[in-house]
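Single-structure report; data block below.
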Amino acid sequence: MPKVSTKEQLKIALKLFFPAVVVILLLALGVFFSQAQVSIVELNTSTKSNVRLAAEFFREELGDVISDLRILSKDQDLQDALEMKVPEARISLSNKLLVFAREKKVFDQVRILDIDGREVVRVNYNDGAPISVSEAQLQDKSGRYYFKEAVAKGQGQHFISQFDLNMEKGAIERPYKPTLRVSAPVFSPSGSKVGVLVMNYHGHYLLKTIREMIPATSSGFPLLLDQNGHYLIGPTEEAEWSFMFGNEAAFPTDFSKVFKYVVSNSNGQIESDQYLFTFRNVAVGDNHITIASQINLASVYRAIIKRHLESIVIIVLLILVSAFASWGVASSRLAWKGWNITKNKLADFRETASDWLWETDSQLRFTDISFRMKEITGINPNDYIGKQIHELISPAPDQSDLDTFLENIENRQPIKKVLCKIENFLGQALQFNVTAKPYFTEGVFSGYRGTSQDVTNYRRLSRELQGRVVAAEFAERVADNYAQKLAEAQRISHTGNWSHDLTSDKLHWSEEAFRIFGVDPEKFDFEYELYLDLVHPDDRDYVVEQRENSMKNGVLHIFEYRIVRKLFDDDIRWIQERCEYHRNNSGEIIRSEGTVQTSLNARRLSRRWVKQKRPLNPLIARKATSWPT
């Protein structure tokens, strides 16, 4: 089976893995976002409900305060104390207010002011132990805004102040007392305005209840804003009531667009900067209070993710399972692909191989023979299915491999290239090399699987090749003998031969040529320039000229010149050279070859020149073509 490529397996696995992951993620995201949407809707609904209930509570609480204000403003003792200034009425009124403050538990102070703004009666709640202030401690409140606003009102009207912190003697009282002041004019039975009733509503209970109705969580918190956007209940304690200390921390500064929307609508929801605001405006006299909830959506989503952490773990596990499954499927696909490739290869080999394949069972009966056998031998392989192996494959009785073949079969050993003969359908003897290997199933011998290679032509060609090798060896000996005789003839006749490859500028000389020129063949480099260096300096131009003429004429050229034998003390010798050039099909000269021979005429001239000790006439010395050769 072909080797499985990790890269290819990874490629297939990724093709399977990515769609699976996409499906898992899409389903997971769909479930997550649907559940997140449900959670958001539930959050919106609960937040709207909480804000609405808080606003209704605020209205009811404020309505109760106004109702108490109206009831007290019509009390007979109150009217008598202000109009008649009856001491008994003042005492009775003071007792009534003590009971009222004790029972209501929400009024920090209750004041009765005369028409000039001076306190007639004042009851302090005193943290659940109400007391009536003595006459000596009564104060003039004619300059306070709540008196001025109330004394200007008509019958049945009242004034409600903004929420702020209570002040005593010009300083903010500590601990803080969030206070809402309500006041109303007091009229006599005759309709005359005789004074003002002022009640300081302690907002602690109101604010505490709003915080409980809109609970602060990790995702959000309640807000209570006055008409200017100042924090009465805010994101931090530092932001709350900061306007009382001259600080600018306010909702319009933090969320200007949201505040514009809030003051333009009585209630609603708005999303901004990853926050969701739910609000309701409640009228408080001529002003209004905004009750709201601020939710961080990012925190909401984080909380949702945290709640679905188990689902995320399951998704991760599904992705890991998909990865392993994709890898396994990819491995299976490649294995199946490899099996098909192997099966197809085996089928191709069975059809195209020069061998034919076969298989036997444990009883050495043929169970499978490739159809290639019929193409080689002309014998139908089906005729031998079920027959014993020796009926088709066995060495000839005269073969030396017979004993080894039978021994290997008996001992269930491999069979290696045993030569067997099979007659084809024409009765011709074919020779095969048989190779086989036993195979086992769970350690039990199951049969042989092998090949039979037709070596008939191979053995015939081997015999022919062996004959040709013998003939070649004989021809080589004849050639060597001829070369030796040629070298001997050149030595005796003092004639050497040479060739010059013009394409590579390489020279080749025979041994006699080296002797004539007096150079060592082991040290001489076969190059044309080195050859010219051996020519006598006075004859070099002549030699070059003669060679060029030979090249132009294209015929055999004969000329004589002198050489300097440097290894023999610069001995000067005359030689005769025959030279011709060969051209290729394009007419280009590619090779020159020729012979060199010691010149007898030149020898005589050389001796005469030595005796006369004068140079030869160049015309006589170089008239080479007129001398017999």
- [ ] Counting helices only, and only those DSSP H runs with n ≥ 4, report the 222 nm mean residue ellipticity of the chain as the sum of -39,500 (n - 2.57) divided by its residues, in deg cm²/dmol to the nearest 500.
- [x] -14500 deg cm²/dmol
Task: Order of Tyr458, Tyr125 - criterion: other Cβ atoms within 10 Å of each residue's Cβ, fewest first - done: Tyr458, Tyr125
TODO: Figure the gain on full extension for Leu532 and Ala216 (residue separation times 0.36 nm, minus the Cα-Cα span) and round it to one decimal in nm.
DONE: 102.5 nm
Open item on the list: How charged is the neighbourhood of Arg565? Take every other residue with its Cβ under 13 Å from the Cβ of Arg565, and add Lys/Arg as +1 and Asp/Glu as -1.
Closed with: -1
TODO: Return the label of the correct value of Cα extents along the principal axes in Å, as calculated from the structure shown, out of (1) 69, 57, 51; (2) 183, 96, 39; (3) 107, 63, 44.
DONE: (2)
Open item on the list: With an 8 Å Cα cut-off and a minimum separation of 6 or more residues, compute the relative contact order for the chain in percent.
Closed with: 8
TODO: Evaluate E = 1/(1 + (r/R0)^6) for Arg477 and Asp541, where r is the Cβ-Cβ distance and R0 equals 41 Å; express this FRET efficiency to the nearest 0.05.
DONE: 0.30
- [ ] Please order Met213, Met373 by the number of other Cβ within 10 Å, starting at the fewest.
- [x] Met213, Met373
Open item on the list: Sort Arg280, Arg302, Arg547, Arg515 by Cβ crowding within 10 Å, fewest neighbours at the top.
Closed with: Arg302, Arg515, Arg547, Arg280
Task: Relative contact order for region 354-454, counting Cα pairs under 8 Å that sit 6 or more residues apart, in percent - done: 29
Task: Separation of the Lys417 and Glu168 label points, Cα + 7 Å toward Cβ, nm - done: 12.2
Open item on the list: Rounded to the nearest 20 debye, what is the charge dipole size of region 1-108 about its Cα centre when +1 sits on each Lys and Arg Cβ and -1 on each Asp and Glu Cβ?
Closed with: 1160
Open item on the list: Residue by residue through region 107-117, what is 3J(HN,Hα) from phi via Karplus (6.51 cos²θ - 1.76 cosθ + 1.60, θ = phi - 60°)? Round to whole Hz and write x for glycine and proline.
Closed with: 9, 6, 9, 10, 10, 10, 10, 6, 5, 9, x
- [ ] Report the longest stretch of the chain that contains none of the GluC sites (Glu not before Pro) sitting in a DSSP loop with at most 13 other Cβ atoms within 10 Å.
- [x] 249-441
- [ ] Sum up the charges of everything whose Cβ sits under 14 Å from the Cβ of Gly496, counting Lys and Arg as +1 and Asp and Glu as -1, but leave Gly496 out.
- [x] 0
Task: 19 Å cut-off, amide nitrogen to a point 7 angstrom out along Glu271 Cα→Cβ, residues in region 226-255 - done: 255
- [ ] Using the structure shown, select from Lys523/Lys552; Lys15/Lys306; Lys141/Lys169; Lys485/Lys523; Lys96/Lys169 the pairs with a Cα to Cα distance greater than 22 angstrom.
- [x] Lys523/Lys552; Lys15/Lys306; Lys485/Lys523; Lys96/Lys169
- [ ] Compute the FRET efficiency between Asp116 and Glu237 as 1/(1 + (r/R0)^6), taking r as their Cβ-Cβ distance and R0 = 45 Å, and round to the nearest 0.05.
- [x] 0.65
TODO: Note down the nm distance, to one decimal, between modelled labels 7 Å out along Cα→Cβ at Leu364 and at Arg70.
DONE: 12.6
Task: FRET efficiency, 1/(1 + (r/R0)^6) with R0 35 Å, evaluated for Trp336 and Thr435 via beta carbons - done: 0.70
TODO: Would you work out which of Phe432, Val198, Ala483 lies farthest towards the positive end of the dipole of the chain, given +1 charges on the beta-carbon of Lys and Arg and -1 on that of Asp and Glu, about the Cα centre?
DONE: Ala483
Open item on the list: Amide H of Arg591 versus every other amide H placed in the peptide plane: which residues, excluding those fewer than 5 positions away on the same chain, fall under 5 Å?
Closed with: Leu502, His582
Task: Spin-label pair Asp383/Lys552, simplified geometry with 7 Å Cα→Cβ offset, distance in nm - done: 8.2
Open item on the list: Applying a 10 Å radius around every beta-carbon, put 563-575, 217-229, 25-37 in order of their mean neighbour count, most first.
Closed with: 217-229, 563-575, 25-37
- [ ] Search the structure for amide H atoms under 5 Å from the amide H of Lys193, placed 1.01 Å from N in the peptide plane, and list their residues when 5 or more places away or on another chain.
- [x] Ser188
Open item on the list: Can you return the aspartates and glutamates within cross-link range of Lys416? Criterion is Cα-Cα under 15 Å, with same-chain partners fewer than 8 residues away left out.
Closed with: Asp355, Asp401, Asp403, Glu407, Asp454
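No lab work stands behind these numbers, since they all come straight from the coordinates. These numbers come from a predicted model, not from an experiment. All Cβ positions, even for glycine, are placed from backbone atoms using ideal geometry, and neighbour counts span all protein chains on display.
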